[in-house]
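Below you'll find the structure, written out as structure tokens, and then a few comments.
The values are calculated or read from the model by the stated rules, or taken from the named source; none is laboratory data. Note that this is a predicted model, so its numbers are computed, not measured. No Cβ is skipped: glycine too gets one built from the backbone with ideal geometry, and neighbour counts run over all protein chains shown. Only protein heavy atoms, including side chains, enter the accessible area calculation; ligands, DNA and RNA are left aside. Shrake-Rupley method; radii C 1.70, N 1.55, O 1.52, S 1.80 Å.
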Amino acid sequence: MIYLDNCATTKVYKEAMEAALHAFEVTYANPSSIHKAGFLLRNDFEEARETIKKFLNIKSGEIIFTSCASEANNIIVNSIKDIKKKKILTTAVEHQAMNKPIDNLIANGFEVIKIHPHDGQIILDDVLTKLDDSFGFVSLMHVNNEVGSIIDVENIAREVKKLYPDIIFATDAVQAFGKLRIDLSEGNIDFLSMSGHKVHAPKGIGCLYARDTHLVKPLIYGGEQEFSLRAGTENVPGVLALAEAVKILDKNLENNYKYVNNLKNKMIASLKELDGVNVHSEGEGYSPYVMSVAFDNIKAEVLVHILEQDEVYISTSSACSSKQKKHMRVLEGYGYSEKEAEETVRISFSEMNTEEEVLKAAELIKKAVKFIRSVKK
Ligand code: PLP
């Protein structure tokens, strides 16, 4: 199979798998137990937390382990539901895992302003021209999961905090974590979410970063795990696997970026040999890991299903929303028409893909597009 749906999920690194297996088979105690087996595991567990803190260059605040990024985003939004300034600035292209919890706050008296990207991008000016002293919360995704556009959240957070130090600033960094270097040391970002399964760790593990744990309002109460901010016996295999994945990502991040960028460029060059190809995410300002492309008069869904017969896996838009018609929301947020959105596929890479695979997939995509067009005539 040629797997080019790495924004949906990724193959688990062998090292991460082995770390999880060890925790299933050998060190399977409960890290909250007071006996030696529990105590020793607690040390490993806290070391894993430190690995992630070091990777993000965290100087203040905590990493709180969650089951996924959706949970982390929901905790973020729950944490701001009682703030006094009830105006929120966010983007029109957030993942549903942030968009929906934010929209739910409208019923609590919040006003939500959504920035639409221009030419695929949201820049500092777009944010500052909308903001004023009446806003309490800003949430901007770091890398869009359908188009791949990058928002420079570190710089935007710095400038926002200079003007409005009381604003709470959050970022959904699911598609940026492990792919772009993230540095939280300046302390301008209050909340960040990420997900293990997007970066070669298993499903079922995510993280919430909180600059100040006093800001966090939990969703799950019970035991005192995770600083009493997320009750429930910890997912030790998931956490240890994530830490192993992070060690590998930390070592290879810049090389992976270059490598994957080359894969994306090869795919773009090959697909552009066809007529009627519109690449939505080309050049600087876009993550090399995500490619959004539309083929004139080709329904994305049909293309995805034809390619699956050759075991080439790409996706319509985002896996999380591809079963709903609402998946148009993000592409329409970027200004694409309904027709263009229906013609858009997402091809998403990882450093596990080879150039040979990508070139082969490109040939099969072109063949499928030509076939569909010939049948439609
Ligand atoms: N945020 C973004 C940008 C995503 O791409 C995704 C998943 O696709 C999520 C949040 C949700 O992540 P999880 O599957 O860990 O809940």
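Filter segment 28-42 down to the residues that are assigned to a helix (DSSP H, G or I) and not charged (D, E, K, R), then identify the one that is most open to solvent (accessible area, probe 1.4 Å). Steps first, answer last, please.
Taking segment 28-42 and keeping what is assigned to a helix (DSSP H, G or I), we get 36-42.
Next cut, not charged (D, E, K, R) only: 37-41.
On the way: A37: 56, G38: 0, F39: 119, L40: 91, L41: 4 Å².
Among those that are assigned to a helix (DSSP H, G or I) and not charged (D, E, K, R), it is F39.
In the set E111, E62, E25, E15, only one residue is more than 29 Å from D132 (Cβ to Cβ), out of contact with any helix residue (DSSP H, G or I) (no Cβ under 6 Å at 6 or more places or on another chain), open to solvent by 10 Å² or more (accessible area, probe 1.4 Å) and of a type outside the set (S, T, Y); that residue is E25.
Looking only at residues in segment 1-12 that are of a type in the set (A, V, I, L, M, F, W, C) and buried (at least 17 other Cβ atoms within 10 Å of the Cβ), which one is nearest to the chain's Cα centre (by Cα)? Give the steps one after another, and end with the answer.
Of all residues in segment 1-12, those of a type in the set (A, V, I, L, M, F, W, C) come to 1-2, 4, 7-8, 12.
Still in the list and also buried (at least 17 other Cβ atoms within 10 Å of the Cβ): 2, 4, 7-8, 12.
Numbers: I2: 22, L4: 16, C7: 8, A8: 9, V12: 16 Å.
My answer is C7.
Considering segment 58-103 alone, what residues qualify as being in a strand (DSSP E or B) and either within 16 Å of the ligand (Cβ to nearest atom) or of a type outside the set (A, V, I, L, M) (or both)? Of everything in segment 58-103, those that are in a strand (DSSP E or B) and either within 16 Å of the ligand (Cβ to nearest atom) or of a type outside the set (A, V, I, L, M) (or both) turn out to be E62, I63, I64, F65, T66, K87, T90, T91.
Pairing residues of segment 1-28 that are among the aliphatic types (A, V, I, L, M) with residues that are at pLDDT 95 or above and open to solvent by 100 Å² or more (accessible area, probe 1.4 Å), at Cβ distances under 9 Å and at least 6 apart in sequence or on separate chains, gives I2/K360; V12/K203. The number of residues in segment 307-335 being in contact with a strand residue (DSSP E or B) (Cβ under 9 Å, 6 or more places away or on another chain) and modelled with pLDDT of 95 or more comes to 11. Counting the residues of segment 205-237 that are closer than 13 Å to A72 by Cβ and within 16 Å of the ligand (Cβ to nearest atom) gives 8. Restricting the search to strands (runs of 3 or more DSSP E) fully inside segment 177-293 and requiring at least 1 residues that are touching a strand residue (DSSP E or B) at 6+ places or on another chain (Cβ under 6 Å) and open to solvent by 10 Å² or more (accessible area, probe 1.4 Å) gives 277-279. The test for being over 20 Å from the mean Cα position of the chain (by Cα) and farther than 29 Å from S350 by Cβ holds for V160.
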